[in-house]
Amino acid sequence: MRYILFMSNILVTGGAGFMGSWLVDELIDRGENVINVDNLSGGYLRNVNKKCTFIKGDLRDTKLVNKITKNIDIIYHLAAYAAEGQSVFSPIEINEINLRPMNNLLVAAVNNNVEKFVFASSMAVYGDQKPPFDEELSPNPEDPYGAAKAYCEKVLEIFKKAHRLRYTIIRPHNVYGPRQNIADPYRNVLGIWMNRIMKNKPPIIYGEGKQIRAFSYVEDTIKAFANAGFYRKSDSEIINLGSPKYTSINEACELVLKTFDSKLKPIHVPPRLQEVKFAYSTFKKSETLLDYKEEHDLEEGLVLMANWAKKLGPQKSTYTLPLEIKRNAPEVWLRKKM
Ligand SMILES: NC(=O)c1ccc[n+]([C@@H]2O[C@H](COP(=O)([O-])OP(=O)(O)OC[C@H]3O[C@@H](n4cnc5c(N)ncnc54)[C@H](O)[C@@H]3O)[C@@H](O)[C@H]2O)c1
């Protein structure tokens, strides 16, 4: 399946973050030479694999990006600020983070003859369509985060035509597991609940909790993600990635409480603006093109994540980016006591 000789030079962006750090570990285990760049805005040094070359740097810096992509065979671009719900309230900063690095990396990839570009897009590009979302559906995002991902996808297609840049677009959905940022109250619902439970605060559910999601354990998704750099059959493809099994937010919350042996009861607050209610995807392409296999169901994955979270202990809430619009923002984001 492989087309690059043993020991490729690989750039992973966002490798101090959640998925990026698992990806770096996976690539190092496969014997690759990994350069990992992250500005630590949402990631942690504790996640960085000791065997990679770590560069603390900001991908908005065009010169830096040009420098670090010289002699690179494959780029896996994961760095982003992945706060979908918040993006409706903070589009200026979120788009700056999610768009400028992409353009910098694309230009540098072409100028430095990078072999392949693997992009972490998101299920957010589908928006409020009828699930399961199939890769054939046209993007119709409901929020600026999804719109930025849709832009990045489109520009990859254009760069393939214009500059013969080879790529694979991965659309992961609701990935969870150890190392996920549990301190940021704007994103990562399972992690937010775990952090609150460890502080003896009830988990918060937006709306009735009937929203449907397919939570996907990180280790399972990352193996398939890593394959995208090496499998030619994934070239020019858009591939959904994540669990075939879906669950309601109420059920997921019950499971998290059970995992912590907690008697707390969730509190329901008004629904979030623009939140897509039913979001899960098809998965056949990921099995065929990336050898995706689910090895951990939600119950097993939650135990692994909870064990890690308990060791880490409760985290002080860190609101990574300011709210640019406060009107209609969830109360908890406005730092009201809950
Ligand atoms: N986790 C999920 O469920 C999920 C679902 C769909 C898509 N994705 C996408 O996968 C990717 C990884 O998500 P994650 O959950 O691991 O997020 P994460 O926040 O844990 O990791 C992102 C990393 O990028 C870094 N970063 C952000 N801006 C940067 C910049 N300008 N320069 C350098 N580094 C920067 C952060 O410090 C962080 O370590 C993102 O692109 C996200 O949009 C994630």
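Between residue 53 and residue 265, what FRET efficiency comes out of the Förster formula 1/(1 + (r/R0)^6) with R0 = 56 Å and r the beta carbon distance, rounded to 0.05? Please report the intermediate quantities before stating the final value.
Details: r = 48 Å, r/R0 = 0.85.
The computed FRET efficiency comes out at 0.75.
If you average the sequence gap of Cα pairs under 8 Å that are 6 or more apart and divide by the length of the chain, what percent do you get for the contact order?
Working: 704 pairs, mean separation 64.7, N = 338.
So the answer I get is 19 percent.
Using a Gaussian network model on the chain with a 10 Å cutoff between Cα atoms, which of 301, 43, 313 fluctuates the most? Among 301, 43, 313, the largest GNM mean-square fluctuation belongs to 313. Shown for the chain: the carbon plus sulfur share of the solvent-accessible area, taken with all protein chains present and a 1.4 angstrom probe, equals 52%.
Fraction of C-alpha pairs exceeding 25 angstrom in the chain: 49 percent, rounded to a whole number.
Simple point charges give the picture: +1 on the Cβ of Lys and Arg, -1 on the Cβ of Asp and Glu, and for the chain a dipole about the Cα centre of about 860 debye. Under the convention that each Lys and Arg Cβ holds +1 and each Asp and Glu Cβ holds -1, the size of the dipole of the range 112-247 around its Cα centre is about 340 debye.
With θ taken as phi - 60° and the Karplus curve 6.51 cos²θ - 1.76 cosθ + 1.60 applied, the whole-hertz 3J(HN,Hα) list for the range 222-236 is 5, 4, 5, 4, 4, 4, 4, x, 10, 8, 4, 5, 8, 4, 6 Hz, x standing for glycine and proline. Solvent-accessible surface (1.4 Å probe) assigned to residue 133 amounts to roughly 0 Å². Annotation for the range 236-305 versus the range 168-229: alpha-carbon center distance of 7 Å.
Classify the range 269-309 as rounded, prolate or oblate from the Cα gyration tensor: take a ≥ b ≥ c as the square roots of its eigenvalues, call it rounded if a/c is under 1.5, otherwise prolate when a/b beats b/c and oblate if not. Could the numbers behind the result be given before it?
Details: a/c = 3.57, a/b = 1.19, b/c = 3.01.
Here the range 269-309 falls in the oblate category.
For the range 236-338, what does the alpha-carbon gyration tensor say about shape, rounded, prolate or oblate, given a ≥ b ≥ c as the root eigenvalues, a/c under 1.5 as rounded, and a/b over b/c as prolate? In terms of gyration-tensor shape, oblate.
Per residue, how much accessible area does the chain show when a 1.4 Å probe rolls over the protein heavy atoms, in square angstrom? Walk me through the numbers before you get to the answer.
Details: 15120 Å² over 338 residues.
Computed with neighbouring chains in place, this is 45 Å² per residue.
Loop-located GluC sites (Glu not before Pro) in the range 139-242 (DSSP state other than H, G, I, E, B) with a sparse environment of at most 15 neighbouring Cβ atoms within 10 Å: 208.
The values are calculated or read from the model by the stated rules, or taken from the named source; none is laboratory data. Please read all numbers here as calculations on a predicted model, not as lab measurements. A quick note on method: Cβ atoms are made from the backbone with ideal geometry, for glycine too, and the neighbour counts reach across all protein chains shown. Ligands, DNA and RNA are stripped out before the accessible areas are found, and what is left, the full protein with its side chains, is counted by its heavy atoms. Shrake-Rupley method; radii C 1.70, N 1.55, O 1.52, S 1.80 Å.
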